[in-house]
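Worksheet for the structure shown next.
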Amino acid sequence: MTSLTFRGGVGEIGGNKVLLEAGGKRIWLDFGMSFKQANRYFAEFLQPKKYNGVVDFLEVGLLPPLPDMAGFYREDYLAHADMATQAYATYDAVFLSHAHADHSSYIHFLRRDIPIYASEVTRQILAAVETTSAANFTEFLTFKETFKLRPKKRGEGLMKLEGEDAKVARDFGAIAAGEHFRIGDLTVEAVAVNHSIPGALGFLVHTPQGAIVYTGDLRFHGYGGDLTRGFVARAAEAEPIALLCEGTRLDETESLTEQDVQERVAKVVNQTKNLVIANYPWKDIERMRSFYEVARMTGRKLAISLKQAYLLKQLEGTDAAAPSLDDETIAIYIDRKGWGLITKPDYPGSIVEQEYSAWAREFLSYPNRVTCNDIHRHQRDFIIRIDFFDLVDLIDIRPEEGSCYIRSVTEPFDDEGEIELWRVENWLKHFDLYPYEQIHASGHASGPEIKRLIAEINPKLVFPIHTEHPELFADIVPKGTRAEIPEVGKRYHL
Ligand SMILES: [Zn+2]
Ligand SMILES: [Zn+2]
């Protein structure tokens, strides 16, 4: 018997957590965070407590309260919260579609002996997030044993097990597009799709009852748009009994493409006399490529942040099609930190280095590194990415008259987003960068595209997920296909 249980991604965009059970095997398709639910209870300075482990997350419904939690959640957390533990896992694997937090970030809470599979690119992006993030609960590839004591290295007594000594690698395997992966009676087939982050996969799970297709997040445009068309064709061939289909933009028909973004950005940059400041999502390599191409064509350099530089380094040698770090069009913007010594030539290098995290230090000596002074002095030579948290850097950079700001991220969809945009606008007005240019293309297929996708795959049953409008699926499915709006926690036998 094959069954599906949805523990997230129902009636909301993201937070996907789908349990698939067949032939005694139990696998998860994604295990991500629900932003909507997290924002209901938490804010920047109101965060779950580390000492409570999974408790705070269970309390507010961010983690599912499973009947056999001891076989699923990390033992160090359960034990510290006086919850039952056991020696073995009762789940066989987790397959991640891509590295967006709403699909992957809660693997932090899983037992170390549950294997995780994703594309190599996803693995490298998660490694970059894990290394560069200052946030708690970001142990994706490395598991840090928590709440344990160990004998002191010198002298008597005990000390907390921390730092390097606490680190253990997770069982995190790379699965290549096209690969068939067997777990008991199940065969998981990974198929590449295009999305607003590289390395995204859709999955076909072949069960004794037939194939189940999971789209993950996908779009048809972009440099890798053909991947998504290939996925749809492959899914159709499998004649699936069920399709788990994303519907982020089901109520939208407009479809600006990545190519349109590049053309519009080029037009703006061509008309800009001085500095071009842009904000785009740091993990969206296709968007970075659009800005990179425009920079190359207009004789500018694309200045990226330290975090993006680290990401590019991680992606070297993968098939992410990311620009190379030593490309002559790429500059690494070293923002001032601590005492701001990067722009003070009289301080010794060893002191300057201390102002940066260990992972960032190597970039300080790259020949293509630039500082706010370089950008200020050569404004017409750069497109610089400044994200929300870096806006204060504008004070160091001092954009001159004839500069512009391109906002290349999604429109706000909640009150918090509106307030954030209001703050951005205040900065832009302050520096005479207002009005700004909004140029963005979505990472998700539009309503008409999803309709065609379902018609082509032609499954018996569709479960709408990753959408605030699951009810709209009933109107777009072809004859002979039933749209079933999943209920959280209910087990669907196929
Ligand atoms: Zn998503
Ligand atoms: Zn996504």
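The values are calculated or read from the model by the stated rules, or taken from the named source; none is laboratory data. All values derive from a computational prediction rather than experimental measurement. Cβ sites come from the backbone with ideal geometry, for glycine too, and all protein chains shown count toward neighbours.
Total residues in the range 129-140 satisfying the condition of being over 15 Å from HIS103 (Cα atoms) and of a type in the set (A, V, I, L, M): the figure is 2. Name the single residue that is surrounded by the fewest Cβ atoms within 10 Å (Cβ to Cβ) among those in the range 112-171 being among the aromatic types (Phe, Trp, Tyr) and within 24 Å of ASP92 (Cβ to Cβ). The qualifying residue surrounded by the fewest Cβ atoms within 10 Å (Cβ to Cβ) is PHE137. Residues in the range 169-180 that are in a strand (DSSP E or B) and in contact with a Ser or Thr (Cβ under 7 Å, 6 or more places away or on another chain) were compared, and the one that is farthest from ASP226 (Cα to Cα) is ALA169. Of the residues making up the range 103-130, those that are within 16 Å of ligand 1 (Cβ to nearest atom) and in contact with a Phe, Trp or Tyr (Cβ under 6 Å, 6 or more places away or on another chain) are TYR106, ILE107, LEU126. When each of SER196, SER133 is tested for being among the hydroxyl-bearing types (Ser, Thr, Tyr), more than 30 Å from GLY24 (Cβ to Cβ) and within 16 Å of ligand 1 (Cβ to nearest atom), the lone residue that passes is SER196.
Here is a yes/no grid of residues against (1) within 16 Å of ligand 1 (Cβ to nearest atom); (2) touching a Gly at 6+ places or on another chain (Cβ under 8 Å); (3) in contact (Cβ under 8 Å) with a residue 24 or more places away in the chain; (4) not in a loop (DSSP other than H, G, I, E, B):
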position: LEU428; (1), (2), (3), (4): no, no, no, yes
position: ASP432; (1), (2), (3), (4): no, no, yes, no
position: SER442; (1), (2), (3), (4): yes, no, yes, no
position: PRO448; (1), (2), (3), (4): no, no, yes, yes
position: ARG452; (1), (2), (3), (4): no, no, no, yes
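When the range 314-337 is limited to residues that are touching a residue at least 60 places away in the same chain (Cβ under 8 Å) and under 24 Å from THR122 (Cβ atoms), the one that is surrounded by the fewest Cβ atoms within 10 Å (Cβ to Cβ) turns out to be ALA321.
Of all residues in the range 423-440, at least one satisfies being within 16 Å of ligand 2 (Cβ to nearest atom) and surrounded by 14 or more Cβ atoms within 10 Å (Cβ to Cβ). None of GLU411, GLU401 is over 29 Å from ALA483 (Cβ atoms) and exposed (fewer than 14 other Cβ atoms within 10 Å of the Cβ) except GLU401. Whenever a residue of the range 346-357 is more than 12 Å from ARG336 (Cβ to Cβ) and of a type outside the set (Phe, Trp, Tyr), its partners that are modelled with pLDDT of 95 or more and surrounded by 13 or more Cβ atoms within 10 Å (Cβ to Cβ), lying with C-beta atoms within less than 6 angstrom and at least six residues away or across chains, give the pairs GLU353/ARG361.
Condition check ((1) part of a loop (DSSP other than H, G, I, E, B); (2) surrounded by fewer than 16 Cβ atoms within 10 Å (Cβ to Cβ); (3) within 22 Å of the chain's Cα centre (by Cα)) across all residues:
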position: LEU227; (1), (2), (3): no, no, yes
position: GLY230; (1), (2), (3): no, no, no
position: ARG234; (1), (2), (3): no, no, no
position: GLU239; (1), (2), (3): yes, yes, no
position: CYS245; (1), (2), (3): no, no, yes
position: THR253; (1), (2), (3): yes, yes, no
position: VAL265; (1), (2), (3): no, no, no
position: VAL268; (1), (2), (3): no, no, no
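Quick one: is GLU263 touching a residue at least 24 places away in the same chain (Cβ under 8 Å), out of contact with any Leu (no Cβ under 9 Å at 6 or more places or on another chain) and outside the structural domain of THR122 (by TED's automatic domain parsing)? No.
Per-residue answers, yes or no, for (1) assigned by TED's automatic domain parsing to the domain that holds ILE13; (2) in contact with a Pro (Cβ under 9 Å, 6 or more places away or on another chain):
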| position | (1), (2) |
| --- | --- |
| PHE203 | yes, no |
| PRO208 | yes, no |
| GLY224 | yes, yes |
| ALA235 | yes, yes |
| ALA242 | yes, yes |
| GLU246 | yes, yes |
| LYS267 | no, no |
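Within the set GLY53, GLY32, GLY24, GLY71, the sole residue that is surrounded by 16 or more Cβ atoms within 10 Å (Cβ to Cβ), on the phi > 0 side of the Ramachandran plot and in the same structural domain as LEU201 (by TED's automatic domain parsing) turns out to be GLY53.
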